[in-house]
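I have placed the structure first, in the form of structure tokens, so that the comments after it can refer back to it.
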Amino acid sequence: MKVAIVRFPGSNCDADALHALRRDVGVDADYVWQTETSLAGFDAVWVPGGFSYGDYLRCGAMAARAPIMSAVRDFAGRGGLVIGVCNGFQVLCESGLLPGALVRNVKQRFICQDVQLEPATRRGPWMAGVDRTITLPIAHGEGRFVCAPETLKELQDNDQIAFRYASENVNGSTEAIAGVMNAAGNVLGLMPHPERATRDLVGGTDGLLLLQALKMVRTG
Amino acid sequence: MPVVRVSVTLKPSLLDSAGRTVADALHRQSFTEVQDVRIGKLIELQVTEVDEARIRQMCADLLANPVIEDFSYEVVQ
């Protein structure tokens, strides 16, 4: 089991993801530079947080058009597990792999704090193991999830909402949405950082509840 | 060489939190006639030729995100 951590210029949660996966989750992982065109040899894809391309034009807009994203799109189309965290979530929305968009937080502030997250479903490989409210850190200025009313209805009808902010809707997201999946459930995007909550030393291990999904992946 | 001036704005249905902050600042400076502020982007493209279908395609594919933004453009010779 090997996870591809896709790196763009400006990615900055790539090393956190690599260490959390290798040392705490217990799966192999390696970096894949954005100009690569193949994901051969990998069993899952992680699009990490950061400020890819300096957030030029819109958060995630440039990264979504990088060469590796065609391979990510094919990989997701074949049912492969893909996760986008924070800027990675923005990249997946910009690339059309996930619905909606992420815009400036309502209160205009960059928010860096722990949040309570309530799983909105247990559907799909990512959410199967998340059986309770979890605490993960967030760190973003543009994490307010928005989408058209008809898209929201689709998300609800297809059970695509993964997480909601539980205690307070910190960034003003539509329906307090913190994470969404594609219709098939194999692609997940979320603003909170599970890779920053995989050992007690850094304040908690709730991220493991979500990331254990990667241990269930059938390889080869 | 012709220049195409593309303007990209947040959809009216979306709260422009930055615009609201600027409106508050204007009010503090006694520009109380300001009812609302919306902040957008101005993108100037220098092109060898003007093909409006291709300009619209650039806007829809990259320069604007149709989920959250509207765009318009004008050709400035």
### Message
What do you get for chymotrypsin sites (Phe, Trp or Tyr not before Pro) in chain B restricted to DSSP loop and a cutoff of at most 12 other Cβ within 10 Å of the site's Cβ?
### Response
B:31
### Amide H contacts of residue A:31 (H built 1.01 Å from N, under 5 Å, at least 5 apart or other chain)
A:5
### Query
When the label point is put 7 Å from the Cα of residue A:215 along its Cα-to-beta-carbon vector, which residues of region A:82-105 have a backbone N closer than 19 Å?
A:82-83
### Task
For the protein assembly as shown, build the charge dipole from Cβ charges (+1 Lys, Arg; -1 Asp, Glu) around the Cα centre, then report which of A:62, A:148, A:197 sits farthest towards its positive end.
A:197
### Dipole magnitude of region A:2-215 about its Cα centre (Cβ charges: Lys, Arg +1; Asp, Glu -1), debye to nearest 20
140 debye
### Message
Along the charge dipole of region A:2-215, pointing to its positive end and built from +1/-1 on Cβ of Lys, Arg, Asp and Glu, which listed residue (A:166, A:8, A:39) has its Cα farthest out?
### Response
A:8
### Task
Determine the calculated [θ] at 222 nm for chain B from helices alone, applying -39500 (n - 2.57) to every DSSP H run no shorter than 4 residues and normalising by the residue count; nearest 500 deg cm²/dmol.
-7000 deg cm²/dmol
### Task
Could you pull out which residues in region A:74-110 have an amide N less than 19 Å from a spot 7 Å beyond the Cα of residue B:27, following the Cα-Cβ vector?
A:106-109
### For region A:1-117, size of Cβ-based charge dipole, Lys and Arg +1, Asp and Glu -1, in debye
360 debye
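With both bridge residues required to lie in chain A, what share of the DSSP beta bridges run antiparallel, to the nearest 5%? Walk me through the numbers before you get to the answer.
On the way: 21 of 38 bridges.
Expressed as a percentage, antiparallel bridges in chain A total about 55.
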### Calculated [θ] (222 nm, deg cm²/dmol) that DSSP helices of n ≥ 4 give over chain A, each run adding -39,500 (n - 2.57)
-5000 deg cm²/dmol
### Task
Within chain A, what's the longest run with no chymotrypsin sites (Phe, Trp or Tyr not before Pro) in a DSSP loop and at most 14 other beta-carbon atoms within 10 Å? Give the range, please.
A:111-220
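Would you mind classifying region A:2-215 by shape? Square roots of the alpha carbon gyration tensor eigenvalues, ordered a ≥ b ≥ c; an a/c under 1.5 is rounded, otherwise it is prolate if a/b is larger than b/c and oblate if not.
Working: a/c = 1.25, a/b = 1.12, b/c = 1.12.
Since a/c stays below 1.5, the shape of region A:2-215 is classed as rounded.
Would you rank B:52, A:154 by solvent-accessible area, highest first, keeping every protein chain in place and using a 1.4 Å probe? Can you show the working numbers first?
Numbers: B:52 85, A:154 105 Å².
I get A:154, B:52, largest accessible area first.
Rounded, prolate or oblate for region A:1-91? Axes are the square roots of the Cα gyration tensor eigenvalues, ordered a ≥ b ≥ c, and the cut-off for rounded is a/c under 1.5. Could the numbers behind the result be given before it?
On the way: a/c = 1.93, a/b = 1.24, b/c = 1.55.
Here region A:1-91 falls in the oblate category.
Ignoring ligands, DNA and RNA, please state the percent of accessible area on region A:2-215 from carbon and sulfur, probe 1.4 Å.
Heavy-atom surface of region A:2-215 belonging to carbon and sulfur, 1.4 Å probe: 47 percent.
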### Message
Under the rule a/c < 1.5 gives rounded, and otherwise a/b versus b/c splits prolate from oblate, where does region B:3-76 land using the Cα gyration tensor?
### Response
prolate
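The values are calculated or read from the model by the stated rules, or taken from the named source; none is laboratory data. Remember, it's a predicted structure, so these values are computed and weren't measured experimentally. Cβ: placed from backbone, ideal geometry, glycine included. Neighbour counts: every protein chain shown. Calculation scope for accessible area: heavy atoms of the full protein, side chains included, ligands and nucleic acids excluded. Shrake-Rupley method; radii C 1.70, N 1.55, O 1.52, S 1.80 Å.
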